[in-house]
Every structure is written in C-alpha cells, then in structure tokens.
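J.: Handing you this structure, nothing more for now.
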Amino acid sequence: MGKIIDRLEEFIIGALMAVATVVIFISVVHRYGTGFEIPGVQDWLLEINLGWAQEFCIILFVWMAKFGAAYGVRTGIHVGVDIVINKLSTKPRAVMVQLGLLCGVLFTGVIGIFGAAFVWENGMAYEVLSLVGGDVSGHFEGPTTPDLEWPTWIVYAAVPLGSFLMCFRFLQVMGNFARTGELPTHDHGHVEGLEEGEVLQVGEAIAIAEQREHAHAGLSEREWEQQHAAVDAKKEEK
C-alpha cells in the first residue's frame with residue numbers, strides 16, 4: 001500500500017509539472033506569435049483565447065507545491081538546521097528529533113483539519129449535498145475563479161489533501177526513526193549515470209558529507225555501524 005501511495009504521489013507531481021510546462025510554453029508561443037503580421041495565421045491566433053493559461057498554471061503550481069512538500073518529507077529534501085542536535089549524544093538527539101517530527105505531525109494535522117473545514121464551507125458542502133439531493137439551505141454555492149470560473153473549493157482542496165499527506169509522511173518518518181535511528185536523506189551529490197569510483201567535485205563531496213551527518217548524527221559510516229552493532233549485541237545478550 002505504501003509503494004502505491006509513493007508512486008501515486010510521484011505521478012501527481014510529475015503530471016502537474018508536465019502539464020504546467022506545456023501550457024506555459026504554448027501560451028508564450030501564442031503571445032509572441034500574435035505579434036507577427038502573417039496573413040491568416042495572425043487572425044487565427046488572435047481568435048484563440050489563452051487568457052486562462054496563467055490562472056490555470058498558478059493552480060497547478062499550488063497543487064504541485066503541496067504534494068511536493070509531502071514528497072520532501074518522505075525523501076528528506078527539506079532544509080533543516082540540525083548542527084546542534086547532531087552534536088548531542090544518542091538518546092537526547094533521538095528525543096529532539098522525535099519532538100521535531102511530532103511538531104510537524106501536529107502542525108500539518110491542524111492545517112489539514114482547518115483546511116478541510118474551510119473547503120467544505122466554501123462550496124464543497126453545497127456541491128456534495130446537491131448531488132445527493134440533500135438540504136443545501138444552510139450552505140452557499142461558493143465563489144469561482146475569475147478566468148476559468150472553477151469553484152474555488154476545488155483549488156483550495158490542495159491545502160487539506162497536501163497537509164494530511166504531509167502529516168502521514170511525518171508519521172512514517174517517526175516510525176522509521178524509532179525502529180532504525182535513521183532519517184530520510186536526499187543525496188544532492190548523486191547524478192544519474194555517474195559510475196562508481198568517478199571523481200566528485202568539491203561541492204558534491206561536501207553535500208554528501210552533510211547528508212551523512214544529518215542521517216548519522218555526525219558519526220562516520222564506520223562509527224555508525226559500530227555503534228549499532230554494539231546495540232544489537234546487547235539486545236541479543238538480553
């Protein structure tokens with residue numbers, strides 16, 4: 001189930017990005033194309049209305065940002081200032097990391113709840129109750145967007161959906177950290193197609209080192225493995 005959600009999340013982000021890129025490209029070409037006095041072509045281009053393109057792309061980027069934020073939690077892309085936390089010993093560091101993740105759970109959960117309530121009262125309730133034949137007297141139809149004339153609750157739905165997904169991702173990271181003691185990291189120095197043993201640039205090497213420090217509490221790979229080997233040995237003795 002988790003892999004299905006991961007793939008769906010990546011597909012949504014990729015699809016939103018692809019559609020926005022195509023629409024922006026077509027809109028720019030159309031805008032410049034109408035400035036050329038080409039008989040027949042200019043009149044044809046002027047008849048095409050792309051005034052909605054900017055608003056449409058803004059909506060796509062809003063949705064992309066919310067789902068991208070959840071993806072960032074899962075992959076460890078978000079920027080964090082953890083230099084002090086990584087200098088702490090194992091148990092205090094674990095407590096501080098879990099506290100930070102818990103704050104993320106609470107914050108995104110609250111935003112998701114209030115966002116869902118806002119979307120419901122902003123026109124979703126009217127739409128849903130109308131479809132099922134319910135009483136809509138206590139609800140209003142809700143506003144629409146200026147250009148596309150879409151119900152704004154559809155646009156704002158990105159807030160609760162993205163926030164609840166982020167909350168779920170924070171819970172996932174908390175559970176994984178409790179089991180393994182590791183946080184998700186994103187290797188900014190990795191390049192697809194880079195062969196093993198190939199020389200890295202200074203910036204790439206620094207980025208990799210920072211990611212390892214973030215994941216391993218400032219310990220080297222060997223120290224991290226030795227520490228966990230000792231912990232596992234103690235558990236086996238008990």
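J.: Can you give the FRET efficiency to the nearest 0.05 for Asp135 and Leu8, using r as the Cβ-Cβ distance and R₀ = 35 Å?
T.: So the FRET efficiency works out to roughly 0.50.
J.: Something else: Rg and Dmax of segment 1-68 over Cα atoms: what are they, in angstrom?
T.: When restricted to Cα atoms, segment 1-68 yields Rg and Dmax of 16.6, 57 Å.
J.: Sort His139, His30 by heavy-atom solvent-accessible area, probe 1.4 angstrom, most to least.
T.: Solvent-accessible surface, decreasing: His139, His30.
J.: On full extension of the chain, what length is gained from Glu47 through Glu182, given 0.36 nm per residue of separation minus the C-alpha to C-alpha distance?
T.: Working: separation 135, 0.36 × 135 = 48.60 nm, distance 5.75 nm.
Stretched out fully, the Glu47 to Glu182 stretch lengthens by 42.8 nm.
J.: Turning to a different aspect of this structure: So what's the gap between the Cα centers of segment 139-178 and segment 1-77, to the nearest angstrom?
T.: Centre-to-centre distance over Cα atoms comes out at 19 Å.
J.: Taking a ≥ b ≥ c as the square roots of the Cα gyration tensor eigenvalues, with a/c under 1.5 meaning rounded and otherwise prolate when a/b beats b/c, else oblate, which class fits segment 1-123? If you can, show how the numbers build up before the last one.
T.: Working: a/c = 3.37, a/b = 2.45, b/c = 1.38.
Since a/c reaches 1.5 and a/b is larger than b/c, the shape of segment 1-123 is classed as prolate.
J.: Going from the alpha-carbon gyration tensor of segment 63-155, what semi-axes, largest first and in whole Å, does one get by taking the root of 5 times each eigenvalue?
T.: Equivalent ellipsoid of segment 63-155: 41, 16, 9 Å, largest first.
J.: Order of 166-173, 60-67 by packing, highest average Cβ count within 10 Å first? Write out the running numbers ahead of the final one.
T.: Details: 166-173: 21.0, 60-67: 18.5.
Averaged packing, sorted descending, gives the order 166-173, 60-67.
J.: Moving on to the next point. Work out, step by step, the length gained on full extension between Asn86 and Thr152: first 0.36 nm times the residue separation, then minus their alpha carbon distance; give nm to one decimal.
T.: 19.4 nm
J.: Working out 0.36 nm times the residue gap between Val22 and Ala94, then minus their Cα-Cα distance, what length gain in nm do you get to one decimal?
T.: That works out to 21.4 nm of additional length.
The values are calculated or read from the model by the stated rules, or taken from the named source; none is laboratory data. As the structure is a prediction and not an experimental result, all values here were calculated from the model. Heads up, the Cβs are rebuilt from the backbone with ideal geometry, glycines too, and the neighbour counts pull from every protein chain shown. Surface areas here come from the heavy atoms of the whole protein model, side chains and all, with no ligands, DNA or RNA. Shrake-Rupley method; radii C 1.70, N 1.55, O 1.52, S 1.80 Å.
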